[in-house]
Amino acid sequence: MKKINKKDIGKVLHQWSQEFTVFVPSRENGVANLAKWDGKDTSFLDWYRNTVEPAKANFFPPMEKMFSFQKDKEGYHLELSLDEHKQIIFGIRPCDARAMAILDMTFTDSYEDPYYLSKRRNTVLIGLGCTNPYDSCFCTSLGISPAESTDVDLMLTDIGNQFLVEEITDVGKELMTRTNGVGEATQADEANAKKIKETAFGKVTRRIETKDIDKKLLSCFDNQDYWEEDAAKCISCGICTFHCPTCYCFDINDELVKKQGARFRNWDSCAFCIYTKMPMENPREEKWQRVRQKVCHKYEFHPMNFGTIACTGCGRCIRQCPVNWDITQTLDSLPAKA
Ligand code: SF4
Ligand code: SF4
């Protein structure tokens with residue numbers, strides 16, 4: 001394992017920024033999100049817990065041009081808008097790195113999505129262990145440790161004045177070989193990191209029972225009374241889905257002026273009453289049906305299709321819901337037996 005002095009992080013980011021667009025946690029108007037590194041500020045190392053918008057936005061942006069088109073005498077001409085620039089995401093938390101692995105399943109399933117994959121294949125993920133989780137976090141119930149990850153290229157653990165660096169992938173290893181200011185970690189560093197990871201694990205105190213959760217959901221799918229009560233306070237704003245790192249619904253629109261235009265896709269949400277109105281009617285007219293869909297997709301349908309729960313316990317849907325709807329309460333109070 002390697003290590004990097006914390007005071008040298010600015011130099012390391014600067015070096016990487018010669019080759020990559022480097023994204024780091026940043027704060028604008030008090031909101032923490034990933035932003036292009038400004039070339040000097042590393043103060044996020046002191047305040048960063050997690051971003052409001054997950055890293056998925058770097059691969060699947062809220063609005064994205066897919067292609068432009070124009071028509072002439074010979075017909076239509078298309079120009080694809082693939083973003084293939086090389087980027088580093090520095091500081092991704094283990095829950096959000098796992099979410100990227102979950103999104104990969106969708107975007108490479110029966111159709112390989114070129115817009116998502118062009119960015120994904122040109123990105124180096126550098127994880128940073130989380131030592132100060134929110135009380136809304138429950139990642140450990142989903143098999144994720146807040147300070148450990150194999151879903152990244154490099155995994156960093158804060159061990160005081162230094163970061164311990166685990167080289168997870170060949171891409172990460174190769175990046176380390178040409179990064180200045182990297183030293184060899186000692187056994188004492190590794191032992192220190194192990195203790196820090198164990199402490200971080202223990203700080204995630206919110207837990208849910210995931211055993212047989214898909215069967216429980218199936219057995220109470222038709223319990224309208226339960227879902228109506230659960231969804232009563234929801235205002236269908238969609239924040240919980242927009243900011244969920246594993247949600248991926250989108251809508252597609254064309255903008256056309258005379259004989260030229262462009263096709264865009266933008267985030268959509270199964271929480272909206274007008275969801276899928278364009279191609280057909282919304283099959284889930286009632287709010288309780290939409291809340292049920294959100295929960296069942298993550299904990300029942302996704303496991304059925306991909307063998308994995310599509311929730312990482314990042315807690316965003318709890319922290320950011322304007323009416324305090326809480327998915328852990330929903331799952332814990334299911335009136336069902338497995
Ligand atoms: S954030 Fe809360 S209010 Fe908004 S759709 Fe989700 S559960 Fe409903
Ligand atoms: S459902 Fe909620 S806790 Fe789970 S990944 Fe999405 S935002 Fe995070």
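The values are calculated or read from the model by the stated rules, or taken from the named source; none is laboratory data. What you are looking at is a predicted structure, and each value in this text was computed from that prediction instead of being measured. Positions of Cβ are generated from backbone atoms using ideal geometry, with glycine treated the same way; all protein chains shown enter the neighbour counts. To get the accessible areas, we keep the full protein, side chains included, count just its heavy atoms, and leave off ligands, DNA and RNA. Shrake-Rupley method; radii C 1.70, N 1.55, O 1.52, S 1.80 Å.
Laid out as a table, the results:
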| quantity | calculated |
| --- | --- |
| Which numbered condition residue 266 misses (of (1) more than 16 Å from ligand 2 (Cβ to nearest atom); (2) polar (S, T, N, Q); (3) open to solvent by 40 Å² or more (accessible area, probe 1.4 Å)) | (3) |
| Residue 296 over 21 Å from residue 66 (Cβ atoms) and within 16 Å of ligand 2 (Cβ to nearest atom) | yes |
| Close pairs from the range 232-248: first more than 10 Å from ligand 1 (Cβ to nearest atom), partner modelled with pLDDT under 95 and of a type outside the set (Phe, Trp, Tyr), Cβ under 8 Å, at least 6 apart | 247/269 |
| Filtered residues of the range 231-242 (kept if open to solvent by less than 30 Å² (accessible area, probe 1.4 Å) and either under 21 Å from residue 333 (Cα atoms) or hydroxyl-bearing (Ser, Thr, Tyr) (or both)) | 231, 234, 236, 240, 241 |
| Looking only at the range 76-87, and only at residues there that are outside any loop (DSSP other than H, G, I, E, B) and open to solvent by 20 Å² or more (accessible area, probe 1.4 Å), the one that is farthest from ligand 1 (Cβ to nearest atom) | 77 |
| Test for residue 145: is it under 18 Å from residue 102 (Cβ atoms) and either among the hydrophobic types (A, V, I, L, M, F, W, C) or modelled with pLDDT of 95 or more (or both) | yes |
| Residues that are acidic (Asp, Glu), open to solvent by 40 Å² or more (accessible area, probe 1.4 Å) and at pLDDT 95 or above, drawn from the range 8-37 | 19 |
| Test: residue in the range 40-57 that is part of a strand (DSSP E or B) and more than 30 Å from residue 102 (Cα to Cα) | no |
| Single condition residue 219 does not satisfy, out of (1) among the hydroxyl-bearing types (Ser, Thr, Tyr); (2) open to solvent by 50 Å² or more (accessible area, probe 1.4 Å); (3) within 16 Å of ligand 2 (Cβ to nearest atom) | (3) |
| Single match in 46, 72, 8, 41 (criterion: more than 22 Å from residue 165 (Cα to Cα) and among the acidic types (Asp, Glu)) | 72 |
| Some residue of the range 197-215 being of a type in the set (Asp, Glu), away from ligand 2 (no atom under 16 Å from the Cβ) and without any contact (Cβ under 8 Å) to a residue 40 or more places away in the chain | yes |
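Residues are listed down the side, and each one gets a yes or a no for (1) closer than 25 Å to residue 137 by Cβ; (2) modelled with pLDDT under 95:
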site: 241; (1), (2): yes, no
site: 244; (1), (2): yes, no
site: 251; (1), (2): no, yes
site: 264; (1), (2): no, no
site: 272; (1), (2): no, yes
site: 295; (1), (2): yes, no
site: 310; (1), (2): yes, no
site: 315; (1), (2): yes, no
site: 318; (1), (2): yes, no
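Yes/no matrix, rows are residues, columns are (1) at pLDDT below 95; (2) open to solvent by 40 Å² or more (accessible area, probe 1.4 Å); (3) within 13 Å of ligand 1 (Cβ to nearest atom):
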residue: 280; (1), (2), (3): yes, yes, no
residue: 298; (1), (2), (3): no, no, yes
residue: 306; (1), (2), (3): no, yes, no
residue: 336; (1), (2), (3): yes, no, no
